[in-house]
Every structure is written in C-alpha cells, then in structure tokens.
Amino acid sequence: MTLTLSMDPAEYVKALVGALATGQALIEPAQVKYTVSPGVGILRPAVQCPSPNQDDRPAGTEPELIIIHSISLPPCEFGGPHVEQLFTNCLDWGEHPYFREIEGLQVSAHLFVRRDGAIVQFAPFGRRAWHAGTSCFRGRPNCNDYSIGVELEGDDDTPYDDAQYDVLVGILAALMETYKGLTTRRIAGHCDVAPGRKTDPGPAFDWLRLYDGLARRGEDGGEK
C-alpha cells in the first residue's frame, strides 16, 4: 500500500507499518518550497492524516503563535508508527509498558516532522489541535486557541536531524507568509508556554540554528 496525501487514518497507519517493515521511503521527500492553502490551512507537501482530536478555534481567532514540541513513542525510540497511532486514537495501550502510563490520552498536533523530514498533518491550521494543554504565552492563557503545534520526532537530549531543521524552516516560513499574526518573536517551545510541566523540545534543540535559517530566508520580521 502506498502512502498518499489524503487517506483514512486507519489506512494510513496500516500503510506506514508496512513501509517501516520493508524499509520503504516514508511519505514524501523534503522539498524546498512549502505552501499553505488559504482559509482551511493545508500544508503542501504533507500527508494528510486527520485526527479526531481537534475542534473549532474560538470565533474570529487566527493563528498567532507557533509551539515547537518533541515526541517519541516509546520514549527515546524513533521510526515507528506509534505517534500517528496516538494522534488518531489507534494506539494499542498493551503494546509497550509506557503506553499503559498514557492510556486514554487524546491529543494531537497540527504537524509531525519525522527524523527524515517527512511531514504528517493531523489538523488544518484553521482548526484547534490539542497539543499545548494548560499553557500561557505572555500572559495569554489557553494557547491551543490561537497556536499551531509542530511536533518533531525526538527527545530532549538527542540531537535533531539536519532534515528536520531544513523542513522546519520551510514550514515556518510558509506559515508566517500566510498568517500575518505570526513572526519569529511568536515561536515558542512547549517548555516556554508550560514551564515546570513540560521540557520539550529540550536542550538538544538548536534555537539559533532555527532563527539563522529563517533569517536567511528573509523571515526575520519584527513583532506584530
């Protein structure tokens, strides 16, 4: 089965498991140019794998914040289908002891960037993904209402892959071009909006590399 840009979540996870088992290249190669469709907010190129864990943003609310996360399931293990399974409520809680600790968790992010730079979109940017939890940015609570969540496959202590930085810069540039409320000063880590509760993307994430990449693309505009 081939991974495509739009497929049923259960079929996507099934295809992903098959691709991993055979060593098939995952999803799509990273490309230089990323675009966001106006209105709903679909990123191209990205595999669309709709999560049930999303809902409407408050009326009149546009994205004004980007939150960078990291995730690996099981912790510190990369390359499996478990993140997609978690975000689509398909995870087998009995498959690993750690999964019992998070049993029943219903979460998602707008985007997931794998180690090789492959991108999966779980919620359109015009809708609210369930990624930040209890959170606050510059005194404004409920970050899910007005933020875009980007999950990087990784953990706090393992260096992120070059492909992830390249893809992340392209994604953020496209988002800032589409949503005028987004600037480089409105990019935060999960650790920044939920201090004491969350630590990701952790000390392994190179913020200077991200900002240098954005500056080279001319996306270093001032605060709005």
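The values are calculated or read from the model by the stated rules, or taken from the named source; none is laboratory data. Keep in mind the model is a prediction, meaning the values are calculated, not measured. All Cβ positions, even for glycine, are placed from backbone atoms using ideal geometry, and neighbour counts span all protein chains on display.
Summary of computed values
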item: Check on residue 18, over 17 Å from the mean Cα position of the chain (by Cα), assigned to a loop (DSSP other than H, G, I, E, B), at pLDDT below 95 and more than 25 Å from residue 166 (Cα to Cα); result: no
item: Exclusive hit being closer than 22 Å to residue 203 by Cβ and modelled with pLDDT of 95 or more, set 58, 63, 74; result: 74
item: Pairs with Cβ under 7 Å, 6+ apart, first in region 194-219 and without any contact (Cβ under 8 Å) to a residue 40 or more places away in the chain, second part of a helix (DSSP H, G or I); result: 211/184
item: Any hit, region 67-74, residues being small (Gly, Ala, Ser) and crowded, with 17+ Cβ neighbours inside 10 Å; result: yes
item: One residue from 117, 149 being touching a residue at least 40 places away in the same chain (Cβ under 8 Å), touching a Leu at 6+ places or on another chain (Cβ under 8 Å) and of a type in the set (Gly, Ala, Ser); result: 149
item: Filtered residues of region 94-122 (kept if over 26 Å from residue 33 (Cβ atoms) and either at pLDDT below 95 or aromatic (Phe, Trp, Tyr) (or both)); result: 98, 99
item: Subset of region 32-51 [touching a residue at least 40 places away in the same chain (Cβ under 8 Å) and not β-branched (Val, Ile, Thr)]; result: 33, 34, 38, 39, 41, 43, 45, 46, 48, 49, 50, 51
item: Subset of region 142-176 [among the aliphatic types (A, V, I, L, M) and either in contact with a strand residue (DSSP E or B) (Cβ under 9 Å, 6 or more places away or on another chain) or part of a strand (DSSP E or B) (or both)]; result: 148, 150, 152, 163, 167, 168, 171, 172, 174, 175, 176
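Condition check ((1) buried (at least 22 other Cβ atoms within 10 Å of the Cβ); (2) under 17 Å from the mean Cα position of the chain (by Cα)) across all residues:
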| residue | (1), (2) |
| --- | --- |
| 90 | no, no |
| 96 | no, no |
| 103 | no, no |
| 138 | no, no |
| 154 | yes, yes |
| 158 | no, no |
| 163 | no, yes |
| 180 | no, no |
| 186 | no, yes |
